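The values are calculated or read from the model by the stated rules, or taken from the named source; none is laboratory data. Keep in mind that this is a model prediction, so the values were computed, not measured. Neighbour counts run over all protein chains shown; Cβ positions are idealised from the backbone, glycine included. For accessibility, only protein heavy atoms count, side chains too; no ligands or nucleic acids. Shrake-Rupley method; radii C 1.70, N 1.55, O 1.52, S 1.80 Å.
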Amino acid sequence: MGAGTVISVTLGNTGANDNSAGTQNQDSATDGANADEVRTVDNSGTTNGDTAGAPVNNEREASAFQQTTVASAITTRALATVLKTQSLYTNLGTPATFSDDLITYRLDLRVQQTSPNSSFLPGTLEGTAITNAITGAGGVAAGTPVILVSDAIPANTTLDTSFNPALPAGWIRIYTTTATTTSAINAQWSTTVPGGTITRVGFFFTGTMAPGDTTVTNANGFQFRVTTSGVTAGGGQIANIAQAVGETQGDTSNVVNYDESGDQQPNNFNADGTTTDPTGAGGTPTTGVANPTADGVDNNNNNTGTGPNGEDNVFTLTPAGNILNGPGGQPAATGPDNTNQTDFVNKSSTDMPANSQATFDPAAVTFNNTVRNPGSSTLDNVVIRPITPSLADAAADGTGANQTDPNTAFGTNAGLPNGTTVTITLGAQSATYTWDATGSSWDTVSPPASPVRFSGFVGPTSIDYTVTVNLPAGTSQTTPFPIPIAAFVDSDTDNIFDGATAEPIFNIKIDRLYTGYVTLLKESRILQGSGPSVTGGQGTV
């Protein structure tokens, strides 16, 4: 069945009443009783209370007709999925510098047996022609079709070329020093370790992979290891994303198949089976340089990310005994100053007075947050609570005198309305704090002096919690109210965050509530001059 084929379905047959079908409530006596009719049938005699004799308007029948046109042809497409995980982290003993830690990654490639989209049938994956020759032992000439799996070496790392686990049969490890501004398919590759800075590691295969073929069941898959470098003592993030290219066997148009890692979908399909590429091949390959903000993140390091194309694998390096606190599902998020002490989420009240600039009593708004122990040690006496904007700013950058700095944006103590309440809820625990504008402090009101506190926080694990902000009556509209939330190890068990020096294991997240946003509307009016009346409802003044 090809594109343009008309499919029609008819239910019922009204015969002489309607040759084209589709008429309702017709007298069935006109064409007699036929097996393909949808009609009423009179009971015999007076069974079930029926009145004796035929219905006054006879037995009736109806018919319906519908047709549609096949919009597109079914395409055979190799459906390849590249998978990526961070499989091992080795701290070599100098966590203060993060200059020698090892991170091991595993890549895999599988060809799907089933399609996420009915417009595409699973096909066999074969190679696509590379631009340049792959030099060295086992290399191939320019233009040779290869299936290529590659990964750009993450920023702040270097490739450990001494780590070379066995590969699946027929695959060969390759390296390139070509700048990552050039796509992998156009890079200069070599099977031997080149001089200079290696920008990508890759694995190529000159055979084919049929639907169902996979490297997932192989003991090693495709592995490589990097050494960290240039990461500050405060830690940082290592982000990268893998790519795979090939073609569909039998495709005379030689469309390049392309997939990015981070999810379970082939050829950069979306989670719902749709695709932004009408060919189903995955689009044009990018440079493959990770950008978590633009790409999205595979938060669980198991290829369960969602969103268009692929999602970055992000590994967070943190000092021993550290803690992370951020938006729901992303505790390692960073803020405007590129640290994870200034990350934030903005939400807005939705119950502002209509057509009025008057103050009002906003309804409570809830934020979803996540706290994480990223290390291997266990944290005890962890407290989560709101802190003053001045304390948050001082802890984040060493000074509390620049609270309106856009790179921190904790706000000012004076900017919080007196009587604002913040409720922290974690599982069965809940604590509510009220802002005392006179004393610039948060007072626990319910339950008395009992914060959200827990111990035995084993790493690396995460815990979700919520923050509910309730601004008081008399709050101004279109105004931001940042609420700094600190998760910290309470060293002296006084339920108070005593600052970065006294309690160095801490992390801040900003829950910023807006009381509406400004919407700009523009109108125009045409006034009648000496000419004809103005049309279009503009008036004739």
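A few remarks follow.
- Qualifying residue in the stretch 307-316 (condition: surrounded by fewer than 21 Cβ atoms within 10 Å (Cβ to Cβ) and closer than 28 Å to D251 by Cβ): yes
- When the stretch 31-60 is filtered for residues that are touching a strand residue (DSSP E or B) at 6+ places or on another chain (Cβ under 9 Å), open to solvent by 70 Å² or more (accessible area, probe 1.4 Å) and modelled with pLDDT under 75, only A33 remains.
- Candidate set: the stretch 249-271, residues that are among the acidic types (D, E) and not in a loop (DSSP other than H, G, I, E, B); chosen: the one least open to solvent (accessible area, probe 1.4 Å): D259
- Checking each residue in the stretch 448-471 for being buried (at least 16 other Cβ atoms within 10 Å of the Cβ) and touching a Ser or Thr at 6+ places or on another chain (Cβ under 8 Å) picks out P451, V452, F457, G459, S462, I463, Y465, V467, T468, V469, N470, L471.
- The residues of the stretch 233-288 that are within 20 Å of T124 (Cβ to Cβ) and among the acidic types (D, E), listed by number, are E247, D251, D259, D277.
- Any hit, the stretch 407-427, residues being assigned to a loop (DSSP other than H, G, I, E, B), at pLDDT below 90 and loosely packed, with under 15 Cβ neighbours inside 10 Å: yes
- Scan of the stretch 342-355 for residues that are of a type in the set (G, A, S) and either in a strand (DSSP E or B) or on the phi > 0 side of the Ramachandran plot (or both), ordered by number: S348
- Search result, residues across the stretch 65-93 that are modelled with pLDDT under 80 and either in a strand (DSSP E or B) or open to solvent by less than 50 Å² (accessible area, probe 1.4 Å) (or both): F65, Q66, Q67, T68, T69, V70
- Hey, T339 in a strand (DSSP E or B), at pLDDT below 95 and either small (G, A, S) or in contact with a Gly (Cβ under 8 Å, 6 or more places away or on another chain) (or both) or not: no
- Index of the failed condition, G246 passing every other in (1) crowded, with 24+ Cβ neighbours inside 10 Å; (2) of a type in the set (G, A, S); (3) in a loop (DSSP other than H, G, I, E, B): (3)
- Residue in the stretch 307-320 that is out of contact with any strand residue (DSSP E or B) (no Cβ under 8 Å at 6 or more places or on another chain) and under 9 Å from G262 (Cβ atoms) present: yes
- Within the stretch 215-240, the residues that satisfy the criterion of being surrounded by fewer than 18 Cβ atoms within 10 Å (Cβ to Cβ) and either within 26 Å of the chain's Cα centre (by Cα) or of a type in the set (G, A, S) (or both) are V216, A219, S229, G230, A233, G234.
- Count of the stretch 309-368 residues which are touching a helix residue (DSSP H, G or I) at 6+ places or on another chain (Cβ under 9 Å) and over 16 Å from I510 (Cα atoms): 5
- Which numbered condition V445 misses (of (1) surrounded by fewer than 19 Cβ atoms within 10 Å (Cβ to Cβ); (2) touching a helix residue (DSSP H, G or I) at 6+ places or on another chain (Cβ under 8 Å); (3) closer than 19 Å to N418 by Cβ): (2)
- Taking each residue of the stretch 247-265 that is at negative phi and free of Cβ contacts under 8 Å to residues at least 60 places away in the same chain and looking for partners that are open to solvent by 40 Å² or more (accessible area, probe 1.4 Å) and among the polar types (S, T, N, Q) with beta-carbon atoms closer than 6 Å, six or more apart or interchain, yields V255/T279.
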